[in-house]
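The values are calculated or read from the model by the stated rules, or taken from the named source; none is laboratory data. On a predicted model such as this, the values are computed, not experimentally measured, just so you know. Virtual Cβ from ideal backbone geometry, glycine too; neighbours counted across all protein chains shown. We work out accessible area using only protein heavy atoms, side chains counted, and drop any ligands, DNA or RNA first. Shrake-Rupley method; radii C 1.70, N 1.55, O 1.52, S 1.80 Å.
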Amino acid sequence: MTTEQDFIFTASENTLPENASFTWKAPSNIALIKYWGKSKPQLPKNASISFTLDACYTQTTVEFTKSTNADITVYFEEQQKDDFKPKIQQFINRIKEYVPFITEYSMIVRTRNSFPHSSGIASSASGMAALALCMMSLEKTINPTISEDYFFQKASFLARLGSGSAARSIEGPLVVWGTHPEIKNSSDLFGEKFPHKVHENFHNFHDTILLVDKGEKQVSSTVGHNLMHNHPFAEQRFKQANKNLAKLSKVLQTGDLKSFIHIVESEALTLHAMMLTSDPYFILMKPNTLEIIQKIWKFRAETETNICFTLDAGANVHVLYPEKEKEICNKFIVNELIKYCQNQHYICDMVGFGAKQI
Ligand code: PMV
């Protein structure tokens, strides 16, 4: 079994390059079985699985320069952003035990997202994944003998320390994070590609993201996760998620779209039910979130299509549908759902295959 120890690296001073620069593009992901509730250090209370996305990504360049003062400069979309520094600094502090050589460098981080900054789409998963990959490229330069598997596994391990769901933003198209008896090699420490052959019904699956509310969330996911401690339904929820993952694993292999819809929508509503029943309670859905859900249910009943929805920790709705039904679903989205989006904004995305070095 892989343990934290396997990810500790020690490099001798004279093998470190003076300068290096790496650029990675890392995707966002949307969970089908939700991770909500963790213990330290960023270990999930249940296993989760997500579709890796394609159009929503973060592209990050890190320029490393050997230096005695390991300072960080951050540019977001070409503008220097000092308020991004604490988050990156915190990430570095969490990972430096595993990549100690990074403390020998000053870093210039240049980052941008493919999606608008204030879209309500969390950039922490793709952002932390892209940063982790840049760190791993430096490790690979120092130690070229590391295998490709180790490279991506450790990138996921490091990304997880930045933001839990970032562990699932390295590879694609389906990634499991969290130990699960039915998923070989699954681990709480890093994401693993779904190990089984996926039925063609789920190839090129679409995710149209309806931007219902682009504002800052009232309750951050850090606070939300913490409220799962002492939550009256937490233990049941963690068990349920693991059971749902076992069911979904079969569904993904058999192509049973009806069961897929049932599990995925139930997971989305259960995630929000955990928020509604936290103490203090909170609601991240907006009236238009519910309008969209009702419209999807009505359309599905009328057309017998396999369109469904999921939600992340916010008001936006991810509308999921198979490649075969994209014309009819797209038409429905444009004609009937876009009006519920803030400024009619939405993003057409689909399942992707993981991060790429640029
Ligand atoms: O990675 P975090 O701490 O932002 O948590 C993400 C939680 C959800 O998006 C709601 C669910 C998930 O599994 O991605």
Cα-Cα over 22 Å, subset of 184/324; 154/193; 34/81; 25/331; 34/239: 184/324; 34/81; 25/331
Formal net charge of residues neighbouring residue 98 (Cβ-Cβ distance under 13 Å; K, R +1; D, E -1): 0
Relative contact order (%) - the chain, alpha-carbon pairs under 8 angstrom, separation at least six: 23 percent
The chain, helix-only ellipticity at 222 nm - DSSP H runs n ≥ 4, -39,500 (n - 2.57), divided by all residues, nearest 500: -10500 deg cm²/dmol
Under the Debye formula (equal points on every Cα, no solvent term), log10 I(q)/I(0) of the chain at q = 0.09 Å⁻¹: -0.49
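Hey, if we sort 48, 266 by accessible area with the 1.4 Å probe, largest down, what's the order?
Solvent-accessible surface, decreasing: 266, 48.
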Between 0 and 90°, nearest 10: helix 85-95 axis offset from the chain longest Cα axis: 80 degrees
Heavy atoms of residue 97 accessible to a 1.4 Å probe, total area in Å² rounded to 10: 110 Å²
For the chain, the longest site-free run once trypsin sites (Lys or Arg not before Pro) in DSSP loop states with at most 11 other Cβ atoms within 10 Å are removed: 1-183
Apportionment of accessible area to carbon and sulfur, segment 154-234, percent (1.4 Å): 47 percent
Solvent-accessible heavy-atom area per residue, rounded to whole Å², over the chain at 1.4 Å: 45 Å²
Candidate residues 117, 345: accessible-area rank, largest first, probe 1.4 Å: 117, 345
Rh (Kirkwood; distinct C-alpha pairs) - segment 204-350, Å: 16.2 Å
Rounded to the nearest 10 Å², the accessible area of residue 249 at probe 1.4 Å: 10 Å²
Residue-level accessible surface for residue 126, protein heavy atoms, 1.4 Å, Å²: 0 Å²
Low-density loop positions, chymotrypsin sites (Phe, Trp or Tyr not before Pro), segment 224-313 - DSSP coil, at most 15 other Cβ in 10 Å: 233, 281, 282
Pairwise Cα inverse-distance average, inverted: Kirkwood Rh of segment 4-196 (Å): 16.7 Å
